[in-house]
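Structure first, then comments.
The values are calculated or read from the model by the stated rules, or taken from the named source; none is laboratory data. It should be emphasised that the depicted structure is a prediction, and the values quoted were computed from it without experimental measurement. Cβ sites come from the backbone with ideal geometry, for glycine too, and all protein chains shown count toward neighbours. With ligands, DNA and RNA removed, areas are computed over all heavy atoms of the protein, side chains included. Shrake-Rupley method; radii C 1.70, N 1.55, O 1.52, S 1.80 Å.
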Amino acid sequence: MTAPMPLLDLDDSEGLSAADSEGLLRSVAMGGAQIRATASAVGEGVISRLAGLRPRSVVLIAGAGGARHGARIALALVGDSIGCPLLVLDRTPSWAGPLDVIIVAGDDAGDPRLVESVDSAVRRGAEVVVAVPDEGPMRAVAAGRTMSLPPRLYASPRHTMTRFLAVFLAVAAEIEGKGSIEDRSAVLGRIADAVDAEALRDGPANEVFHNPAKSLATRMSGRRVVLCGSGSVTTALAEFSSVSLMSSGLNAAAAEMSEVIRSARALFAPDAASRDSVFHDPFFHDPQLDGALPTPPARAFVFATESTRGEARRRMDALADADLVVAADEDQTNVVISEMEQVFVLASRVDMAAAYVQLTGGAK
C-alpha cells in the first residue's frame, strides 16, 4: 500500500492554472476588486442619506451562503460599537417602520424571502439598502424605492462573503457618520488594498514556504479539520471557513475554542485502525478484506487577531495538534493593520486555501 498522493503539486503553478477550469483562483483574487467597487459606490453617495441617521435599529436580512456569514461576522465586529441595536434576522420583522434601517443581501435576485423582505420594508417606510443583483423579481420590487448596492463585478457565489461584509460595514459606518464620505470610502479602500496584498502572496506562482494559503492547504490536506476562534469575531470567521473548506471536499467543522477544548479528548484520541494503517491508499481499499477505512487524524486551526494572539496561543496548549492562524506572520513586524482588515485577509486566505485543496485533490 502507498500513501495517497495529491493530483497536483502545489508548487506546479502551470499545472494548477491548467486544472482550474472553474476559475476558482481568479474568483478568490477578485475579493479586493469587489470591496473596491463597494467603496466606489459609497464614494458616489449611494447610501449618503443614512449619514448621521439615528435609527431605532439596523436589521441585516441575508440570503444563504456568503451573505449569511458576512452578516454574522459584521454583527460580531461592530454589534457592540454601533449606536443602536444590530440584528440578524431571516426576514423583515413585523415591528419594522420608518425609524429602522433594513439591509437585504444575497446572491439570488429571485429568492422569495429576500424579495418579500424588501417589499415589506418599503411598504413599512423603513430605509432599505439592497445588496442583491439588480435583476429579476428583485429589480421589480426595489427599483426607485431603495438604496441599491448590486455587485459591479462577477465572482463565484462561493467567494462573495467579503463583498457582503464590506456592504454591512459600510452601512454601519455611514450611520455612525464619522468623517466625510471620502474618509469612509478610504477605509474600504485600505481593506481592499490589504486583501489584494494577500491575494498576491497567495498566488499560484509563489512557493508553499512563501505562500500562506498553500501552507494552510498543506496542513489541512488529508485531515479532519476543526476550526475555532478565540472570540466572537474569529468564531464567526471559523464558521464561514468551515463552509468554504467543505465546498472543496474537506472534512471540516467549526466551534468556539472552549467547546473544542472540552471535546479534545474525543477529537484527538488515537484511532487503532489509523495506527495500523499509516500507509493506506483508499483507491486499493477492499472493505471485505481490509475492514473499515481508517479515520483520518484531526487537526485544529485556531483563528486569532493580533489582540487575541497571546491568549489563543496559551489556550492551544490544551489541544494535541493545533495551528494558530493569524493575518500577519510573527516575522512581519512592520505590518500593522486593523482588526477589520485582519478578518478580511484571513477570509481571503481560507478561500484560496480551499481552492488549492480542491485543485490538488488533497481532501481525499
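Could you list all residues from region 98-111 that are open to solvent by less than 20 Å² (accessible area, probe 1.4 Å), assigned to a loop (DSSP other than H, G, I, E, B) and touching a residue at least 40 places away in the same chain (Cβ under 8 Å)? Give the derivation first.
Start the filter on region 98-111 by keeping residues that are open to solvent by less than 20 Å² (accessible area, probe 1.4 Å), which leaves 100-106, 109.
Still in the list and also assigned to a loop (DSSP other than H, G, I, E, B): 106, 109.
106, the sole residue that qualifies.
For region 1-92, which fully contained helices (runs of 4 or more DSSP H) count at least 2 residues that are modelled with pLDDT of 90 or more and under 30 Å from residue 219 (Cβ atoms)?
Values: elements: 13-19, 24-29, 31-43, 66-78.
By residue number, 24-29, 31-43, 66-78.
Mind checking which residues of region 229-248 are within 22 Å of residue 313 (Cβ to Cβ) and open to solvent by 40 Å² or more (accessible area, probe 1.4 Å)?
Those that are within 22 Å of residue 313 (Cβ to Cβ) and open to solvent by 40 Å² or more (accessible area, probe 1.4 Å): 232, 239.
What about residue 134, is it in the same structural domain as residue 175 (by the TED database), in a loop (DSSP other than H, G, I, E, B) and in contact (Cβ under 8 Å) with a residue 40 or more places away in the chain? First the steps, then the outcome.
On the way: in the same structural domain as residue 175 (by the TED database): yes; in a loop (DSSP other than H, G, I, E, B): yes; in contact (Cβ under 8 Å) with a residue 40 or more places away in the chain: no.
Judged against the criteria, residue 134 is not a match.
Select from region 309-334 the residues that are open to solvent by 60 Å² or more (accessible area, probe 1.4 Å), of a type outside the set (Gly, Ala, Ser) and modelled with pLDDT under 90 and write down the one among them that is nearest to residue 256 (Cα to Cα).
Here the residue is 317.
List, please: which pairs have Cβ atoms under 6 Å, are six or more places apart or on different chains, and start with a residue in region 217-228 that is open to solvent by 40 Å² or more (accessible area, probe 1.4 Å) and end with one that is outside any helix (DSSP H, G or I) and among the polar types (S, T, N, Q)?
Partner pairs satisfying both residue conditions: 224/251.
Looking at region 290-308, which of the residues that are modelled with pLDDT of 85 or more and among the polar types (S, T, N, Q) is most open to solvent (accessible area, probe 1.4 Å)?
First, the residues of region 290-308 that are modelled with pLDDT of 85 or more: 298-308.
After this cut, where a residue has to be among the polar types (S, T, N, Q) as well, the list is 305, 307-308.
Working: 305: 6, 307: 102, 308: 30 Å².
Checking each candidate, the answer is 307.
Which one of 36, 26 is touching a residue at least 24 places away in the same chain (Cβ under 8 Å), of a type in the set (Lys, Arg) and open to solvent by 60 Å² or more (accessible area, probe 1.4 Å)?
From the options 36, 26, the qualifying one is 36.
Among the residues of region 112-126, write down those that are part of a helix (DSSP H, G or I) and among the basic types (Lys, Arg).
As a first pass, look at region 112-126 and keep what is part of a helix (DSSP H, G or I): 112-123.
Across region 112-126, the qualifying residues are 113, 123.
Check whether at least one residue in region 337-347 is open to solvent by 40 Å² or more (accessible area, probe 1.4 Å), within 22 Å of the chain's Cα centre (by Cα) and either at pLDDT below 70 or polar (S, T, N, Q) (or both), and report yes or no.
The initial filter retains those residues of region 337-347 that are open to solvent by 40 Å² or more (accessible area, probe 1.4 Å), namely 337-340.
This time we only want the ones that are within 22 Å of the chain's Cα centre (by Cα), so: 337-340.
Restricting the remaining residues to those that are either at pLDDT below 70 or polar (S, T, N, Q) (or both) gives 338.
Yes, region 337-347 contains at least one residue that is open to solvent by 40 Å² or more (accessible area, probe 1.4 Å), within 22 Å of the chain's Cα centre (by Cα) and either at pLDDT below 70 or polar (S, T, N, Q) (or both).
Return yes when residue 114 is buried (at least 17 other Cβ atoms within 10 Å of the Cβ) and more than 18 Å from residue 175 (Cβ to Cβ) and no when it is not.
On the way: buried (at least 17 other Cβ atoms within 10 Å of the Cβ): yes; more than 18 Å from residue 175 (Cβ to Cβ): yes.
Answer is yes for this residue.
Being part of a loop (DSSP other than H, G, I, E, B) and modelled with pLDDT under 90 is the filter; apply it to region 208-236 and report the residue that is nearest to residue 297 (Cα to Cα).
First pass over region 208-236, keeping only residues part of a loop (DSSP other than H, G, I, E, B): 211, 221-223, 230-231.
Now restrict to residues that are modelled with pLDDT under 90: 221-223, 230-231.
Working: 221: 11, 222: 8, 223: 6, 230: 22, 231: 25 Å.
Among residues in region 208-236 that are part of a loop (DSSP other than H, G, I, E, B) and modelled with pLDDT under 90, the one nearest to residue 297 (Cα to Cα) is 223.
What is the residue count in region 142-167 for residues that are farther than 30 Å from residue 194 by Cα and either buried (at least 20 other Cβ atoms within 10 Å of the Cβ) or at pLDDT 95 or above (or both)?
Of the residues in that region, 2 qualify.
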